[in-house]
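Here's the structure, in structure tokens; my notes come after.
The values are calculated or read from the model by the stated rules, or taken from the named source; none is laboratory data. Keep in mind it's a predicted model, so treat the numbers as computed, not measured. Heads up, the Cβs are rebuilt from the backbone with ideal geometry, glycines too, and the neighbour counts pull from every protein chain shown. Heads up: the accessible areas ignore ligands, DNA and RNA and are worked out on the full protein's heavy atoms, side chains in. Shrake-Rupley method; radii C 1.70, N 1.55, O 1.52, S 1.80 Å.
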Protein chains: 2
Amino acid sequence: MFSIGQMSRQSGVKVPTIRYYEQIGLLPAPDRSAGNQRRYDQAALQQLRFIRHARQLGFHLDAIAGLIELQSLPDPSCHDARRIARAQLSEVRGRIARLQALETELDRIAEGCHGDCGPGDCVVLASVADHASCVTAHDAPPDLGDSPRGAP
Amino acid sequence: MFSIGQMSRQSGVKVPTIRYYEQIGLLPAPDRSAGNQRRYDQAALQQLRFIRHARQLGFHLDAIAGLIELQSLPDPSCHDARRIARAQLSEVRGRIARLQALETELDRIAEGCHGDCGPGDCVVLASVADHASCVTAHDAPPDLGDSPRGAP
DNA sequence: CCTTGAAGCTATAGCCACTAGAGATCCTAT
DNA sequence: ATAGGATCTCTAGTGGCTATAGCTTCAAGG
């Protein structure tokens, strides 16, 4: 049996995050010690590792819940699992494409100025102000900011 | 003078988002009509368009606030603007690299199964469970999920 | 002038996937 | 027995919005 701290060390998932997963029903509530502390078995560790890796692969928690449900079926349908994985793949590809459009624009913007702009006509600021100067259709990337959502 | 709805149509930023930007101080509070409705001038529209495009380029709101402050300086330093743009560029590049690692793994996982797995040994599920089978170091992308954050 | 309906107002709560903190309790090693 | 690390619950905060409720204001038509 593992304590929550051991689970955390063995899986790489932080302790509060494990409790959060339990709270939202992604991890089953484990047994408790006499003093009300969580005690996990090997299967729970497996599942937590599954979740962790799926998160690293960019799956949303609800997609992960779907995968877990598939696992628990008597005859786990590869078909469904593959469909979920492919949906994830195409989402990732879409994000890459949008980010590459951003990269093009940002490169153009950042390199357009060589530090010699006079006051009031900085090329960087002008470029950010004006979408018309963009060379790609980098419109509406649904995942614009985003970075440190799950990041420490 | 523009109403908030006109501002929204002219900029592509939704009405509640405009109010939100005002609330957090990214847009200055405009004048009000006799009946307490917001009335914007051309400069405010310019600024909102600037914010909107910067968001499309992936800048965080605090970076945008920095850019706006630069604009308002008597002698806008291109140097600083360029530094901010370059930081954004390298962040975008990092995200692309991490997403490409994910793409590699997801492709491998999704294509590893041809729909013929027997019960209990679906390759997709096994691959998600086991990071050791991954061919890239796709660890800890800080921006894993993310998609529909600002998206409608 | 009066009505109607769209557009505006404020305030609050919710989204995701966590993270941080307070204050209390438990477990283990000495 | 005690020290101190680990754990417990609960609440609130993050970013960048979005949604709802219940009200008021504005502009056009009759």
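Please give me the summed charge of the neighbours of A:GLU22: other residues whose Cβ is under 15 Å from its Cβ, Lys and Arg +1, Asp and Glu -1.
Once positives and negatives cancel, what remains is +4.
Would you tally the net charge around A:ARG32, using a Cβ to Cβ cut-off of less than 10 Å, leaving A:ARG32 out, and scoring K and R as +1, D and E as -1?
+1
Just by accessible area at a 1.4 angstrom probe, what is the order of A:TYR21, B:TYR20 from largest to smallest?
Ranked from most to least accessible, the order is B:TYR20, A:TYR21.
Take the Cβ-Cβ distance between A:VAL135 and A:GLU69 as r, set R0 to 41 Å, and report the resulting FRET efficiency rounded to the nearest 0.05. Provide the component values of the computation, followed by the final result.
Values: r = 45 Å, r/R0 = 1.10.
The formula returns an efficiency of 0.35 here.
Could you compute the FRET efficiency for B:ASP41 and A:TYR20, with r as their C-beta to C-beta distance and R0 at 41 Å, rounded to 0.05?
Details: r = 46 Å, r/R0 = 1.12.
My answer for the efficiency is 0.35.
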